[in-house]
1. For residues that are assigned to a helix (DSSP H, G or I) and open to solvent by less than 70 Å² (accessible area, probe 1.4 Å), scanning just segment 109-123, find the one that is modelled with the lowest pLDDT.
2. Only one of these is under 22 Å from residue 192 (Cα atoms), at pLDDT below 85 and hydroxyl-bearing (Ser, Thr, Tyr): 24, 53. Name it.
3. Restricting to segment 126-171, give me the number of residues that are among the β-branched types (Val, Ile, Thr) and open to solvent by less than 30 Å² (accessible area, probe 1.4 Å).
4. Taking only segment 243-264 into account, find how many residues are hydroxyl-bearing (Ser, Thr, Tyr), open to solvent by 50 Å² or more (accessible area, probe 1.4 Å) and within 14 Å of residue 17 (Cα to Cα).
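The values are calculated or read from the model by the stated rules, or taken from the named source; none is laboratory data. Every value quoted in this text rests on a predicted model; they were computed, and no experiment measured them. Accessible surface areas use protein heavy atoms only, side chains included; no ligands, DNA or RNA. Shrake-Rupley method; radii C 1.70, N 1.55, O 1.52, S 1.80 Å.
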Amino acid sequence: MNGFLALLAEPWSLPFMRRAFAVSAVVGLVCGVVGVYVVLRGMAFIGDAVAHSAFPGVALAYAFEGNLLLGGAAAGVTTAVLIAFVSQNRRLKEDTVIGVFFAFAFGLGIVLVSTRDSWTTDLSSFLFGQVLAVDAADLWRVAVLGAVLVAVVLALRKELVAVGLDRETARASGLPVLSLDLTLYVVVTATVVMSLEAVGNVLVLALLITPAATARLLTERLWAMTLLASVLGCAGSVAGLYVSYAYDLAAGGSVVVVLTGVFALVWLLAPRHGLAARARGRRHRRAVHMSGPRASEREKRARMFTDSGDSGGGETSLPAGGRPRST
């Protein structure tokens, strides 16, 4: 027991681990809250699209020796705005438009990177994350941006849900659908860019979607889903860092593996929507279906027996011998 407590306390003695824990907790919480509306909207692909659309911006910033995060943010916001405008054409589904821009942005990023002869540590950290290298300024920037993003999403939660459930009804009700789409896309983009230092471009989709998907299996209520997703994202990120520290593994990958493990466990054991619960429900319905015809047959036979007794003009009874007789 003492050894376990020592293992829990040991990373906190290191300044870079304290900063990593703080950044991971904030990023996990914000991704959990924003991810709820992405999952309810059925646009999980947007996280991956935005993450990859940031790639050409990072490549350009790298080529001109600029700030990688600012380059990625500019490219991501531009792509998000284009997706929001193009998806207003109801002839095309939203995920189709996202797929078009996702493929284009990733291909453009590859073309831009191919013009360089070598990779550097800065670019690889953008792709795979380097949460252990964040400094105090990064921590404050993530905390302030995260607070703003959560405040925006919670302030517009009813409108975002209304648009996600039925866009045409929301538009007929007078809601500014395009403005809400743009807001959600920009919030998702900012969340993705904010998370790049924690898990990197390759794994950011898991941090945005997995906690919300896990919470979706546990509750039907929006407020409970939001609370659960934020707690799962925060706790899973911190637990992943512990695993990374204990076994000397990649931090971003460890966070994603822990979150996915929790999702798999909930998928199996969730009380109402888990695999085991659905199996029990199927067995119960099968039992009711099988017992129904038998019960109806017994009732039918009882009615026939009673009718036959009434037609004989007397009351039907069963003597000790078991054969009916009329009295």
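1. 123
2. One residue alone meets the criteria, 53.
3. 6
4. Qualifying residue count, segment 243-264: 1.
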